[in-house]
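Since the structure comes first, as structure tokens, the remarks are kept for the end.
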Amino acid sequence: MNTAASHDNLPQEVRLLRQKLEVIDAKLDTITFQNQHLNDSLIGVDDAAKLLGITRGAIYSKVYRHLIPYYKSGGKLYFSKQEILQEIFSHRYPKNGSHGSVPQPSMNGSKAVFDTRIKI
């Protein structure tokens, strides 16, 4: 690219830059997609149970009730570690910013006292 671009060829130079940026953007999208899938791994029932700290039976129960995302191939269950964690994190309580009726500790002298009044 000529650094001393004249006013006359400026539209062509801008068009060329846009084309190059589109190519770079497409490559970045591809790399991002590949990295997301490389970081995610499929795990079996035993590993899913360990991840969640529950029994194998509890995993099968959650699958039966469609409470966790799963894949089935050849009669075996598989789980995306990332999808399971996202599902669990989506059920956070209390929700961000809402305190509901959760007692809030306050200091009264040297002892912590819980305020049991309901806050709405």
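Please list the equivalent ellipsoid semi-axes of the range 10-89, computed as the square roots of five times the alpha-carbon gyration tensor eigenvalues, in descending order and whole angstrom.
Over the Cα atoms of the range 10-89, the ellipsoid semi-axes are 43, 11, 10 Å.
Calculate, in nm to one decimal, what Tyr78 and Leu51 gain on full extension: separation in residues at 0.36 nm each, minus their alpha carbon distance. The partial results should precede the final answer.
On the way: separation 27, 0.36 × 27 = 9.72 nm, distance 1.32 nm.
Contour length minus the Cα-Cα distance gives 8.4 nm.
Read the figures in this text as sums done on the coordinates, not as results from a lab. Since we're looking at a predicted model, the values are computed, not measured.
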